[in-house]
Amino acid sequence: MAITRLNTNEFLAMAAQHPVLDVRSLGEYTHAHMPGAYNFPLFNDEERKEIGTAYKQQSQQIAIKIGLRYFGGRMVEMVETAEKILATHPGADPKSKTILVHCWRGGMRSAGVAWLLDLYGFKVYTLVGGYKAYRNYVINILSQDYPIRIIGGYTGSAKTELLHTLQQKGEQIIDLEALAAHKGSAFGNLGMPAQPSQEMFDNLLAEAVLKLDTNRTIWLEDESQRIGHVNIDFRFYRMMRTKPVLFLDIPFEARLQHIIKGYGQFEKEKLLTTIVRIKKRLGGLETKNAVNFLLEDDVPNCFRILLKYYDKFYEKSTFNPEEKRQIQKIAVETTDSELNATIVLTTPPSLP
């Protein structure tokens with residue numbers, strides 16, 4: 001069988017059904033990779049470093065010989081691993097024996113693995129330009145304009161729950177906080193898994209965009225550019241800030257109850273640590289009062305202080321007159337996502 005080289009569009013189209021083998025080292029893969037790709041390293045991190053040093057300090061031929069020494073000893077294992085991946089990959093047809101392979105720049109690593117799998121009888125496709133070409137593709141995706149509408153509202157407005165209710169009703173959404181594994185505030189890491197790297201977050205966001213029909217409305221939650229330790233790509237964020245915002249103005253007490261329900265379940269130690277971490281912004285007196293309330297198990301009054309702080313912060317970042325954002329305020333009385341979804345879907349965008 002012949003090995004077929006594909007551009008990024010073609011490669012990703014086939015990746016929707018067939019397994020992708022990322023033959024870079026585990027360190028490279030762990031930092032960031034194509035969502036859904038399998039790590040299938042030709043060399044481990046130490047071997048890759050050794051080969052790279054030989055290439056720079058000695059010659060390409062010596063580096064290749066070192067690589068072949070490692071490669072030769074694991075050929076059978078690699079073929080068997082590829083067979084297992086193909087047999088268990090969701091949606092793949094094992095009878096087609098189709099596998100996609102890429103490395104960093106579409107060079108010798110992917111060529112070597114592709115040669116081996118082709119020799120064994122797989123139908124192999126490789127990516128022209130490798131992962132580097134894919135990253136350029138990601139940047140291009142995040143640089144385009146999309147038909148986005150933003151759900152705004154002060155902290156505790158149940159915006160994330162509303163997004164998912166809209167999705168259940170057939171609307172298109174991107175949940176930036178889920179992609180970032182962080183809920184946005186100083187408390188946003190509580191109950192969440194480890195965040196992805198910045199590069200991986202970009203990849204996940206691009207993948208989320210690619211799954212949607214860009215001729216239909218896409219709903220997003222109003223976010224700061226920074227979510228935990230990752231940032232929304234500046235091009236994508238700049239585009240977001242030009243889109244119409246449907247701002248749900250929900251009473252303070254209703255939002256407070258929603259916050260208590262969501263965060264009151266966490267261990268007191270974790271809450272205290274987070275409060276102390278924002279002491280400089282919260283202010284010494286308010287920090288002291290919030291801590292004392294929490295120590296006395298008075299969660300409502302502790303969160304009341306914190307919610308007032310976040311309201312001021314959100315007010316400043318959302319209603320910046322220099323940005324001239326299209327913000328349409330709607331007064332609603334509850335954080336009930338079913339009710340608010342109906343309101344959102346029956347409210348046409350106001351003209352700028």
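The values are calculated or read from the model by the stated rules, or taken from the named source; none is laboratory data. In this text, all values refer to a predicted model and were calculated from it rather than measured experimentally. Glycine gets a Cβ as well: all are built from the backbone with ideal geometry, and neighbour counts include every protein chain shown.
A few notes on this one:
- All of Thr318, Thr334 fail the test of being at pLDDT 90 or above and under 19 Å from Ala158 (Cα atoms), apart from Thr334.
- Within the span defined as the range 47-66, one or more residues are over 27 Å from the mean Cα position of the chain (by Cα), within 30 Å of Asp202 (Cβ to Cβ) and crowded, with 20+ Cβ neighbours inside 10 Å.
- Checking each residue in the range 211-240 for being charged (D, E, K, R), farther than 10 Å from Glu177 by Cα and in contact with an Asp or Glu (Cβ under 8 Å, 6 or more places away or on another chain) picks out only Asp233.
- Of the residues making up the range 71-86, those that are of a type in the set (A, V, I, L, M) and farther than 23 Å from Leu12 by Cβ number 4.
- Residue satisfying condition, being in the same structural domain as Asn340 (by TED's automatic domain parsing), among the hydrophobic types (A, V, I, L, M, F, W, C), out of contact with any helix residue (DSSP H, G or I) (no Cβ under 6 Å at 6 or more places or on another chain) and outside any loop (DSSP other than H, G, I, E, B), within set Ala178, Ala194: Ala178
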